[in-house]
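> Sharing a structure below in structure tokens format, with a few things to ask.
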Amino acid sequence: MLAKKNTLKKSLFFGILMLSTILSAQTVVKYSNEFLNIGVDASSFGMANAVVASTHDVNAGYWNPAGLVGIESSELSLMHASYFANIANYDYVGFALPVDNESTVALSMIRFGVDDILNTTQLIDSQGQINYDRISLFSTADYAFTVSYAKRLPLDGLNIGVNAKVIRRIIGDFASSWGFGLDAGIQFKRKKWNFGVMARDITTSYNTWSIDEEKFSQIQGAVAGQNQELPQTSEITLPKLQVGMARKFTYRNDYTFLTEIDLNMRFTQTNDLISTSSVSVSPSVGFEFGYIDMIYVRGGVGNFQTIEQLDGAQRTGFQPNIGVGFAYQGIQIDYALTDIGDQSAALYSNIFSIKLDLSIFRN
């Protein structure tokens, strides 16, 4: 029974995924390559992703490449998370290496995928009979490969960084795409304050789709009276901006308290808390309490959205997050509990990540 439920969930999830892909594969869309907006690193999730000003390790390659100059030796980061009741898997690996005292390079890969989906498009044969032997399996996955570079500028406390990313999206044998985009980030430290700006898809990111027209024709008329037209084969991801301000407090050299507030901006009208025809803004706030640079407790709230209810009323949804971490001799393990925005217990996800300072192996 459980296996059947999981199968039905996967089939439903794939149907939603296919529909969203068909509807979004237009020239300019509000939501494109959304898997790149999920985030990486359990410690960052624990702070509700409010880290653009304070990030300074290998994971800065995603959050703000300017922060990569904060690492002192090569670092490796790994993360795994499951979404939608373990239907979708989200994985990340990042590696960063200082070039010299002034610059750092990094590589990372993200995969968001649903595997072993039932393909029932050929379930009914030409005679109108159900033939279960005609069912096959396939996977759908989104990949992002990123190269990052960061450098300290002559002005004390000012760092810059850039990302070049290649995007690969695959929906079984039905369709696939290639994309390319650029990000840029700045961090500035002034006394005890940290400021950060991350601009994603600064030149817009461009995806080109290749669709198997024969396979598309087989499912085009699956719903009577709702034949789908072949979607356009290109889409453009609009730029996004994240700005943040952080401060870290130290007590008796043993206790630390880091807090940050970020503003996440899209240059289109969405359901964000602040929404206009030109820009939409959602705030996020996070904190981290640390003890002797070994034990960490984190919390945060973000992703504030205006939700339209069935009765026509509106309510404000948000995404709460909590997390813990433990670090010892160059090994850091982090955990975060987060959800996808409606405070439903069924939608909470457990996220684990590990970060290694690779110098421990040389020593």
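The values are calculated or read from the model by the stated rules, or taken from the named source; none is laboratory data. Computed from a predicted model, the values in this text were never measured in an experiment. Note that we place each Cβ from the backbone using ideal geometry, even for glycine, and neighbour counts take in every protein chain shown.
> Quickly run through segment 245-262 and pick out the residues that are out of contact with any Phe, Trp or Tyr (no Cβ under 7 Å at 6 or more places or on another chain), crowded, with 17+ Cβ neighbours inside 10 Å and not acidic (Asp, Glu).
246, 261
> Check whether at least one residue in segment 301-322 is small (Gly, Ala, Ser), modelled with pLDDT of 95 or more and touching a strand residue (DSSP E or B) at 6+ places or on another chain (Cβ under 7 Å), and report yes or no.
Looking through segment 301-322, none of the residues is small (Gly, Ala, Ser), modelled with pLDDT of 95 or more and touching a strand residue (DSSP E or B) at 6+ places or on another chain (Cβ under 7 Å).
> What residue, among those in segment 175-204 that are buried (at least 20 other Cβ atoms within 10 Å of the Cβ) and farther than 30 Å from residue 259 by Cα, is modelled with the lowest pLDDT?
That would be 175.
> Another question about this same structure. Given the criteria within 24 Å of residue 37 (Cα to Cα) and either modelled with pLDDT of 80 or more or in contact with a Phe, Trp or Tyr (Cβ under 9 Å, 6 or more places away or on another chain) (or both), does residue 100 qualify?
no
> Among all residue pairs at least 6 apart or on different chains, which show Cβ distances below 6 Å where the first residue, located in segment 284-309, is basic (Lys, Arg) and the second is not in a strand (DSSP E or B)?
The qualifying pairs are 298/46; 298/47.
> Among the numbered criteria (1) surrounded by 15 or more Cβ atoms within 10 Å (Cβ to Cβ); (2) within 30 Å of residue 204 (Cα to Cα); (3) touching a Lys or Arg at 6+ places or on another chain (Cβ under 9 Å); (4) not aliphatic (A, V, I, L, M), which single criterion is violated by residue 332?
(2)
> Out of all the residues in segment 294-314, which are surrounded by fewer than 14 Cβ atoms within 10 Å (Cβ to Cβ) and in contact with a Ser or Thr (Cβ under 8 Å, 6 or more places away or on another chain)?
Matches in segment 294-314: 307, 314.
> How many residues, within segment 297-324, are under 23 Å from the mean Cα position of the chain (by Cα) and either within 28 Å of residue 241 (Cβ to Cβ) or part of a loop (DSSP other than H, G, I, E, B) (or both)?
Total satisfying the criteria: 18.
> Which fully enclosed strands (runs of 3 or more DSSP E) of segment 46-162 have 3 or more residues being farther than 28 Å from residue 287 by Cα and of a type outside the set (D, E, K, R)?
103-119, 136-152
> Quick test for you: out of 118, 137, pick the one residue that is more than 29 Å from residue 45 (Cα to Cα), surrounded by 14 or more Cβ atoms within 10 Å (Cβ to Cβ) and at pLDDT below 95.
Exactly one residue qualifies, and that residue is 118.
> I would also like to ask the following. Scanning for something crowded, with 17+ Cβ neighbours inside 10 Å, of a type in the set (A, V, I, L, M, F, W, C) and modelled with pLDDT of 85 or more, does segment 55-62 turn up at least one residue?
yes
> While we're here: Those residues that are surrounded by fewer than 17 Cβ atoms within 10 Å (Cβ to Cβ) and in contact with a Lys or Arg (Cβ under 6 Å, 6 or more places away or on another chain), I need them from segment 144-159; list them, please.
The answer is 157, and nothing else.
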